[in-house]
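A short write-up of the structure that comes next.
The values are calculated or read from the model by the stated rules, or taken from the named source; none is laboratory data. This structure is a prediction, so every number in the text was calculated from the model and none was measured. Cβ: placed from backbone, ideal geometry, glycine included. Neighbour counts: every protein chain shown.
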Amino acid sequence: MLELKNISFRVDEDGQTKDIIQNINLTIPDSKIVVVTGPNGGGKSTLARLIAGIEKPLEGQIIFKGQDITELGITERANLGISFAFQQPVRFKGITVYDLLKIASGKTVSFGEACNLLSFVGLCARDYIRREVNSSLSGGELKRIEIATILARGGELAIFDEPEAGIDLWSFQNLIEVFENLRRKIEKSSIIIISHQERILNIADEIIVLKDGRIDKKGPREEILPQLIGTSSMVSYCRQDI
């Protein structure tokens, strides 16, 4: 379980202080997919970075599995079981997909295990296992490989920051299928997805709407999604197309 207690974060812009996250209290339960949505500039990606340890809150506490991790860095949080997937996955010239999966796992990964991970995310292992993680891969391919690295790592919490960014409509539909499979696969693990997309909201267990750095709405998908669909809020919160 992840708990955020009175979390605040602000930045200095042109000599002025701007509040990005304001006094957020939030609990992410185990074994759930939680989608965080809301208008642009509402603080969604900042919230994801705070949980991952890329940024540190100016106020409040972050508790993970009963431990205060507020002052811990990215690597320490990763070792505790927190994974983070960027909007634009990093390319690694000279490193093969198989090498990347082994590095991500932090342990020995057999060739067969690596192939199974790629198959799970919808990639033909034979075509990808020896390829370099470089510019020859499309955005959709990189997103799937990144998800495979998170699966290789394991852990209790995976964070995806706008996974739909930079991929085409066909790749996006395949990405939805991967998340649906991942939802069936998770046991005690939780997934946080930052997204505007209604199709991603549709696979959530819970939806959090973040607006102006504050929680505007929060609850089960069945309760929150109908409040967004068909309203003017839906236009600003959830883009329908890639």
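Where in segment 162-221 are there strands (runs of 3 or more DSSP E), lying fully within it, with 3 or more residues that are of a type in the set (Lys, Arg)? Talk me through it step by step, then tell me what you get.
Values: elements: 190-194, 206-211, 214-220.
Once the strands (runs of 3 or more DSSP E) in segment 162-221 are filtered for at least 3 residues that are of a type in the set (Lys, Arg), what remains is 214-220.
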Mind checking which residues of segment 90-146 are part of a loop (DSSP other than H, G, I, E, B) and closer than 23 Å to Thr75 by Cα?
Val90, Arg91, Gly106, Lys107, Thr108, Val109
Tally of residues being at negative phi and touching a residue at least 40 places away in the same chain (Cβ under 8 Å) across segment 57-77
7
Those residues of segment 12-31 that are on the phi < 0 side of the Ramachandran plot and either in contact with a His (Cβ under 9 Å, 6 or more places away or on another chain) or at pLDDT 90 or above (or both) come to a total of 9
Cβ-Cβ under 7 Å pairs, at least 6 apart or on other chains, segment 5-30 side closer than 11 Å to Leu50 by Cβ, far side surrounded by 14 or more Cβ atoms within 10 Å (Cβ to Cβ) and among the hydroxyl-bearing types (Ser, Thr, Tyr):
Phe9/Thr46; Ile20/Thr46; Ile21/Ser8; Ile21/Thr46
Out of (1) surrounded by 13 or more Cβ atoms within 10 Å (Cβ to Cβ); (2) at positive phi; (3) not aliphatic (A, V, I, L, M), what's the single condition that is false for Ser83?
(2)
